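J.: One structure coming up, written as structure tokens, with questions to follow.
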Amino acid sequence: MNDITQMLMQSTTKILKDVCTKELVNESEQGIWAAKLWCTLADSGMITVGVPEELGGNGCSYLDAFSILRLAGKYSAPVPLAETFLGNWLLADLGEQVFDEPITVAYPGSENGVYLQKQEDGWVISGKANFVPWARFAKRMIMLGRTDSEDVLVLISPEQGRIEHGKNLAGEARDNVIFEDRLVKECRVIPVDAKTVVNKLLYSGAVARIVMMAGALERLLELCATYVTERTQFGKPLHRFQAVQHQLALLAGESAAASTAADYAVQAFQNGFLSQEIAMSKIKINEAVGAASPMAHQIHGAIGFTYEHTLHQTTRRLWSWRDEFGTETEWSEKLAEEYMENGRDGLWPFLTRS
Amino acid sequence: MKSLQLPVVELSEEIRKVRREIREFIFQELEKGTIQPRCDSWLSGYSAEFSRMLGERGWIGMTWPKRYGGHERSSIERYVVIEELLAAGAPVSAHWIADRQTGPLLLKFGTEHQKEFFLPQIAKGECFFAIGLSEPNAGSDLAAVSSRAVKVEGGWVLNGSKTWTSGAHHAHYMITLCRTSPMNPEKRHEGMSQLLVDLAAPGVTIRPIELMTGEHHFNEVFFDNVFIPDEMVVGQIGNGWKQGMAELAYERSGPERFLSTFPLLEELLRALREKGDKRLIAQVSPMLSRLWTLRQMSIGIANMLEQGVTPDLVAALVKDMGTKFEQQVAEVARLLVACSPSITSSSQFDKFMAESILHSPGFTLRGGTTEILRGIVAKGVIGQ
């Protein structure tokens with residue numbers, strides 16, 4: 001890790017510890033926009049990371065961006081930081097100017113066929129984007145669509161459509177945005193190769209969720225380690241019980257494995273979206289979530305199951321994020337396809353890429 | 001909390017070259033039929049001839065100084081060589097302990113004479129070692145060892161016994177942990193020493209303990225007034241426990257902790273790919289993901305060991321998760337390809353399956369049981 005990354009990590013940690021409190025996370029679940037958190041991150045230049053300076057970015061690398069996201073995941077930051085990164089990277093790829101306002105991206109495949117017709121003074125849009133993260137708070141939304149002749153990327157304000165509020169397991173805004181044959185004057189429509197965009201979104205989205213989950217799993221372990229030292233039963237602290245030690249060790253294993261898998265997913269992303277490694281990382285981390293979250297709750301007993309405690313802020317996010325940008329089943333199929341294609345020399349050469 | 005963070009290691013072109021060389025060599029030997037692949041080959045694949053061939057080509061003692069017969073290669077280069085050997089199921093058990101543990105131990109604590117005498121022979125693949133730790137009344141509770149050496153003129157006289165000693169019937173020497181002062185129940189870890197025992201010396205008796213397959217890999221070793229000359233003491237008298245513990249990160253984090261059943265996994269994927277059944281391959285994908293993650297963790301630890309850091313906590317984690325993984329391979333494979341597991345089968349798949357199932361109970365016992373490892377991890381995590 002270089003000095004700039006280290007500095008970014010330190011200042012992000014400080015911001016999140018100061019601003020991203022338990023109360024702030026709870027408030028955001030009630031539908032209140034975490035304006036202070038967003039503004040502080042924006043003022044510190046955390047929003048346009050991973051974008052070259054000539055396109056309005058701050059010039060830092062993908063690695064920096066993913067390091068920030070890992071911390072955002074660790075502290076349950078209730079803002080569309082990942083979505084803004086993904087959106088800006090997509091725009092930067094297309095040579096478009098990036099934004100330092102909240103952006104969101106409709107998941108590939110969730111657009112339900114958004115259809116656009118060119119008019120003299122704009123576009124008539126029909127269709128629906130489902131489960132769009134933070135749509136009600138985003139200034140811009142990116143979604144895929146189709147015109148009569150080609151696939152397009154649409155950059156639009158979500159307010160141009162009808163927004164139906166929704167939320168995921170963690171209470172994070174996941175809204176439907178519906179366009180009912182409406183003439184929209186202000187929107188940018190860019191012809192694209194849909195497959196390329198879908199792939200880029202899928203890989204960058206998966207790695208974003210991967211690092212966020214790795215951060216959150218690190219947090220789970222910290223919460224558990226603290227709890228078992230502070231809580232006493234039968235006259236001794238919980239960590240003195242072998243049954244508890246074993247749960248804690250298994251949890252540490254999942255957390256450490258997730259951390260390594262996340263590091264290598266970032267490396268694979270930087271080396272040109274190597275889908276094999278990203279697939280394996282997402283499968284491993286999704287699996288880690290399924291194992292670690294129930295253990296963390298078991299360790300915390302009934303107290304961790306209450307709204308009062310902060311444990312659920314992390315576990316509910318983990319349960320939500322693992323299903324976004326591909327489940328284990330979906331990535332397992334992708335990995336199987338890769339193996340069918342590249343596994344003619346056997347499994348070992350495939351795994352070691354040599 | 002101790003850190004669980006591991007470095008990201010990128011394998012260079014130089015490393016790729018090392019991999020191609022060892023892979024080509026193994027391929028040729030398999031073609032010639034000089035070696036038979038098997039699961040758990042680092043415990044049960046014995047071939048003194050193959051070890052000698054590896055030594056001749058510079059693949060034993062790779063990281064050691066040249067003046068002791070080593071080759072001054074990096075830990076990552078060594079890593080690549082041993083993982084290729086294990087993945088192929090090559091017979092490496094003869095020199096495994098000497099290369100992995102005895103060499104590094106002697107380099108760290110050995111006398112000049114010991115290094116000059118033993119290391120070149122080990123690196124040539126001609127001198128094999130066993131480790132004498134467990135005793136009939138000291139299993140997971142290793143500090144209970146009671147084998148006892150008493151000072152006499154010019155050396156020590158050893159009495160007692162060791163058990164579960166892998167490969168003692170093939171090995172030339174054994175690094176033996178024993179008491180050199182009477183046990184103090186308050187400070188059980190003190191007063192222990194490591195002695196280099198010549199297994200051909202008078203008073204040493206080796207008796208086989210057969211595995212449940214009937215195979216002979218384990219032994220009981222008895223010492224009846226065995227004389228150990230002073231120059232065969234490793235490190236300091238009384239410092240045996242600490243010296244022994246320092247080896248554990250090497251012992252616990254290596255690829256042999258998750259590749260013991262890899263030959264079966266390789267056969268499984270080959271069979272499924274031939275069938276062209278993507279749906280079944282997808283069912284193995286989670287296993288590949290676990291294996292990939294474990295391997296990256298293990299490489300990260302090898303890199304840290306090279307920098308002189310001993311990440312014992314993460315090493316214990318890799319062993320715990322890795323050995324569980326080794327056991328799962330057979331459980332997954334048997335549900336995807338119907339087979340009739342048998343040690344004597346002429347079908348590679350059936351044979352690997354039998355070896356994987358019948359050897360699997362040992363994976364989570366040897367080198368620190370799962371229960372012991374989890375205790376170590378938990379203590380590390382809460383920082384106590």
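The values are calculated or read from the model by the stated rules, or taken from the named source; none is laboratory data. No experiment lies behind these values; they were computed from the predicted model shown. Don't worry about glycine lacking a Cβ; one is built from the backbone with ideal geometry, like all the others, and counts go over all protein chains shown. Calculation scope for accessible area: heavy atoms of the full protein, side chains included, ligands and nucleic acids excluded. Shrake-Rupley method; radii C 1.70, N 1.55, O 1.52, S 1.80 Å.
J.: Could you give the size of the charge dipole of the range A:1-155 about its Cα centre, using +1 on the Cβ of each K and R and -1 on the Cβ of each D and E, expressed in debye and rounded to the nearest 20?
T.: Details: 12 positive and 20 negative charges, 132 e Å.
Around 640 debye, computed over the range A:1-155.
J.: Pick out, from B:His169, B:Ile357, B:Met321, the residue whose Cα sits farthest towards the positive end of the charge dipole of chain B, with +1 on the Cβ of Lys and Arg and -1 on the Cβ of Asp and Glu.
T.: So the residue we want is B:Met321.
J.: Then there is this: Among A:Ile303, A:Thr315, A:Ile285, whose Cα lies farthest out toward the positive end of the dipole of the range A:278-323, if unit charges sit on the beta carbon of Lys, Arg (+1) and Asp, Glu (-1)?
T.: A:Ile285
J.: Using just the Cα positions, wrap the range A:56-214 in a convex hull and report its mean projected area in square nanometres, one decimal place. Don't jump to the answer; show the numbers that get you there.
T.: On the way: hull surface 35.7 nm².
Result: 8.9 nm².
J.: For the range A:294-340, list whatever residues lose no less than 40 Å² of accessible surface once every protein chain is in place, relative to that chain by itself, with the probe at 1.4 Å.
T.: A:Ser332, A:Ala336, A:Tyr339, A:Met340
J.: Follow-up. Which angle between 0 and 90 degrees, to the nearest 10, do you get for helix A:311-321 versus the longest principal axis of chain A when only C-alpha atoms count?
T.: It is inclined by approximately 40 degrees.
J.: Expressed as a whole number of Å, what is the distance separating the alpha-carbon centroids of the range A:156-193 and the range B:301-358?
T.: Spelled out, the Cα-based centre of one part sits 49 Å from the other.
J.: Compute the angle between helix A:194-230 and the longest alpha-carbon principal axis of chain A, please, reported from 0 to 90 degrees and rounded to the nearest 10.
T.: Helix A:194-230 sits roughly 20 degrees off the main axis of chain A.
J.: Would you work out which of A:Phe179, A:Leu153, A:Met212 lies farthest towards the positive end of the dipole of the range A:142-217? Charges go on Cβ: Lys and Arg +1, Asp and Glu -1.
T.: Farthest along the dipole direction, towards plus: A:Met212.
J.: If you don't mind, another one. Checking the cross-link filter: which lysines have an alpha carbon closer than 25 Å to that of A:Lys22, excluding same-chain neighbours under 8 positions apart?
T.: Within reach: A:Lys14, A:Lys36, A:Lys74, A:Lys167.
J.: Per-residue ellipticity at 222 nm for chain A, helices alone: DSSP H runs ≥ 4 residues times -39500 (n - 2.57), over residue total, nearest 500 deg cm²/dmol?
T.: -17500 deg cm²/dmol
J.: Where does the protein assembly as shown land on the Kirkwood hydrodynamic radius, alpha-carbon pairs, in angstrom?
T.: One decimal place: 28.2 Å for the Kirkwood radius.
J.: Just report the Cα centroid separation between the range B:22-49 and the range A:250-309, whole Å.
T.: What the calculation gives is 37 Å, centre to centre.
J.: Would you work out the charge dipole size for the range B:86-135 about its Cα centre, treating the Cβ of every Lys and Arg as +1 and the Cβ of every Asp and Glu as -1, and quote it to the nearest 20 debye?
T.: In total the dipole reaches around 120 debye.
J.: Also, I was wondering about something else. Dipole magnitude of the range B:21-69 about its Cα centre, charges +1 at Lys/Arg Cβ and -1 at Asp/Glu Cβ only, in debye to the nearest 20?
T.: Charge dipole, the range B:21-69, about its Cα centre: 240 debye, nearest 20.
J.: While we're on this one: Would you list, by chain and number, the aspartates and glutamates whose Cα falls below 12 Å from the Cα of A:Lys200, excluding same-chain residues fewer than 8 positions away?
T.: A:Asp93
J.: Right, here's the next one. Can you list which of the DSSP-assigned H helices in chain B have a Cα extent of 27 Å or more along the long axis and an average Kyte-Doolittle score of at least -1.0?
T.: B:278-306, B:312-336
J.: Moving to a separate point now. Using a probe radius of 1.4 Å on heavy atoms only, what accessible surface per residue do you get for the range A:1-104? Whole Å² is fine. Provide the component values of the computation, followed by the final result.
T.: Numbers: 4210 Å² over 104 residues.
Normalised by residue count, the accessible surface of the range A:1-104 is 40 Å².
J.: Another question, then. Give, as a single signed number, the net charge of other residues whose beta carbon lies under 12 Å from the beta carbon of A:Thr327, with Lys and Arg counted +1 and Asp and Glu -1.
T.: -2
J.: Roughly what angle does helix A:81-93 make with the longest principal axis of chain A, taking Cα atoms, 0 to 90 degrees, to the nearest 10?
T.: 40 degrees
J.: How about B:Lys275: which lysines have a C-alpha closer than 30 Å to its C-alpha, ignoring those fewer than 8 places off in the same chain?
T.: Partners within reach: A:Lys195, A:Lys282, A:Lys284, A:Lys334, B:Lys32, B:Lys324, B:Lys351.
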